[in-house]
Amino acid sequence: MKNYIIIFLMFFLSNSIVKAQSMNNPMYNDSVIWRNARAIQIQLKCSDTQVQQLFLAGKQRKLQLDSISGFAATKEQQAGYMVMINQQYFQQLKHILTPSQWEIFRIDEKKRRDTVIENLRRQGIIIPNPPQDGL
C-alpha cells in the first residue's frame, strides 16, 4: 500500500507540472511526447516508423494518466491505475522496439527507477516492494 502512495506522489508531481505548463502552452503535451520519442530514437537508433509508434503510445499514456485525476477514487486506487497504465505502456514499447532495443531501454529505465527509489530512501521514504511496471 505504501508503494502505491509513493508512486502516486511521483506521478502526481510530474502530472501537476505538465498540467501547469500545458495550460500556458496547448502544444506542450505533444511537444513533450515528441521530445521523449526522439530521445528514445537517438538512444536506441529507432526507425521513423518506430518513432511514430512511440509518439502514439506516449500520447495514449498521457491521456490515460490525465483522465485519472477526474476519477472519484482514493489515492491508493489512483496509484493502482497509474501502475496499470504504465504496465500497458511498457508492453506497447516492448512490441514497438526490437528485442535488443527493448533490453537497452529496460535496463536504462530500471536504472532511472532505482535512482528515484534511492533518492526517496535517502529522504526517509522506504518503498518495500516497488512495482516493476512490466520492466
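Taking other Cβ within 10 Å of each residue's Cβ, how do 97, 120 sort, fewest first?
With the sparsest Cβ surroundings first, the list reads 120, 97.
If each of residue 116 and residue 95 carries a label point 7 Å out from its Cα toward its Cβ, how far apart are those two points in nm?
It is 2.4 nm.
Quick one: if the Förster radius is 30 Å, what FRET efficiency do residue 75 and residue 36 give, using the C-beta to C-beta distance and rounding to 0.05? The partial results should precede the final answer.
Values: r = 26 Å, r/R0 = 0.86.
It comes out at approximately 0.70.
Read-outs: derived from the displayed coordinates by stated rules, not from any lab. Worth saying up front: this structure is predicted, and the values here are computed from it rather than measured. As a convention, Cβ positions derive from the backbone with ideal geometry for all residues, glycine included, and neighbour counts pool all protein chains shown.
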